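Engineer: Okay, here's the structure, questions in a sec.
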């Protein structure tokens, strides 16, 4: 059984990468945004755009330098209210044959990705980096969890909500 196709796939064939950098602008369409929102447990992904550049390096490795921006909505971890967010970030990845992976990398070196197949999927790379940039514990404005306060005895299915407090 093969892996399903990524929701935001923009493969670039290796034959298109030559002596000059290959540049591409990409944007997720509505269907892709809905699928990515589901994948990353978002309420909505309103926009995801990126620009990527692939450069053939000495030794045959390929460097992807990309930047992306996105507007999205997550659930507040306390109240479950929608929390709007946006992100702009850049990243670099180095692709090569599995044997080309450096024995040790410094923190400043781009992460190494082994090449498999005859293409590099800029869209999937952007999607993965986007997921890493999402706030792990989004909170709606004015929502806090009181710490160190004695909890009243509460029973029933909503007992866990007793510590939730809204600053007004």
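Engineer: Name the residues in segment 75-110 that are closer than 28 Å to residue 46 by Cβ, surrounded by fewer than 15 Cβ atoms within 10 Å (Cβ to Cβ) and modelled with pLDDT under 95, would you?
Structural biologist: Scanning segment 75-110 gives a single hit, 80.
Engineer: Is it the case that some residue within segment 15-25 is buried (at least 16 other Cβ atoms within 10 Å of the Cβ) and more than 17 Å from the chain's Cα centre (by Cα)?
Structural biologist: Checked segment 15-25: at least one residue is buried (at least 16 other Cβ atoms within 10 Å of the Cβ) and more than 17 Å from the chain's Cα centre (by Cα).
Engineer: Exactly one of (1) touching a residue at least 24 places away in the same chain (Cβ under 8 Å); (2) assigned to a helix (DSSP H, G or I); (3) under 24 Å from residue 138 (Cα atoms) is unmet by residue 34. Its number?
Structural biologist: Just one mismatch for residue 34, condition (1).
Engineer: Restricting to segment 49-76, count the residues that are outside any strand (DSSP E or B) and under 26 Å from residue 30 (Cα atoms).
Structural biologist: Of the residues in that region, 1 qualify.
Engineer: Search segment 1-31 for residues being outside any loop (DSSP other than H, G, I, E, B) and in contact with a helix residue (DSSP H, G or I) (Cβ under 8 Å, 6 or more places away or on another chain), and hand back the single one that is nearest to residue 125 (Cα to Cα).
Structural biologist: Restricting to residues being outside any loop (DSSP other than H, G, I, E, B) and in contact with a helix residue (DSSP H, G or I) (Cβ under 8 Å, 6 or more places away or on another chain), the top hit is 11.
Engineer: While we're looking at this one, here's another question. Residue 37 - would you say it is in contact with a helix residue (DSSP H, G or I) (Cβ under 7 Å, 6 or more places away or on another chain) and buried (at least 16 other Cβ atoms within 10 Å of the Cβ)?
Structural biologist: No, not satisfied.
Engineer: Here's a follow-up. Right, residue 80: under 14 Å from the mean Cα position of the chain (by Cα) and more than 30 Å from residue 102 (Cα to Cα) or not?
Structural biologist: Criteria not met by residue 80.
Engineer: Among the residues of segment 113-131 satisfying the criterion of being free of Cβ contacts under 8 Å to residues at least 24 places away in the same chain and surrounded by 14 or more Cβ atoms within 10 Å (Cβ to Cβ), which is farthest from residue 64 (Cα to Cα)? Full working, then the answer.
Structural biologist: Our first condition is that a residue be free of Cβ contacts under 8 Å to residues at least 24 places away in the same chain; within segment 113-131, this holds for 113-114, 116-117, 128.
From what is left, the residues that are surrounded by 14 or more Cβ atoms within 10 Å (Cβ to Cβ) are 113, 128.
Details: 113: 10, 128: 14 Å.
Ranking the qualifying residues of segment 113-131, first place goes to 128.
Engineer: Follow-up. So, in segment 44-74, of the ones that are touching a residue at least 40 places away in the same chain (Cβ under 8 Å) and surrounded by fewer than 16 Cβ atoms within 10 Å (Cβ to Cβ), which residue ends up nearest to residue 96 (Cα to Cα)?
Structural biologist: 60
Engineer: If residue 143 passes every condition in (1) at pLDDT below 85; (2) over 30 Å from residue 33 (Cα atoms) but one, which one does it miss?
Structural biologist: Of everything listed in (1) at pLDDT below 85; (2) over 30 Å from residue 33 (Cα atoms), residue 143 misses just condition (2).
Engineer: Further question: Within 19 Å of the chain's Cα centre (by Cα), assigned to a strand (DSSP E or B) and within 28 Å of residue 142 (Cα to Cα): does that describe residue 94?
Structural biologist: no
The values are calculated or read from the model by the stated rules, or taken from the named source; none is laboratory data. Fair warning: this is a prediction, and the values are worked out from it, not measured in the lab. A quick note on method: Cβ atoms are made from the backbone with ideal geometry, for glycine too, and the neighbour counts reach across all protein chains shown.
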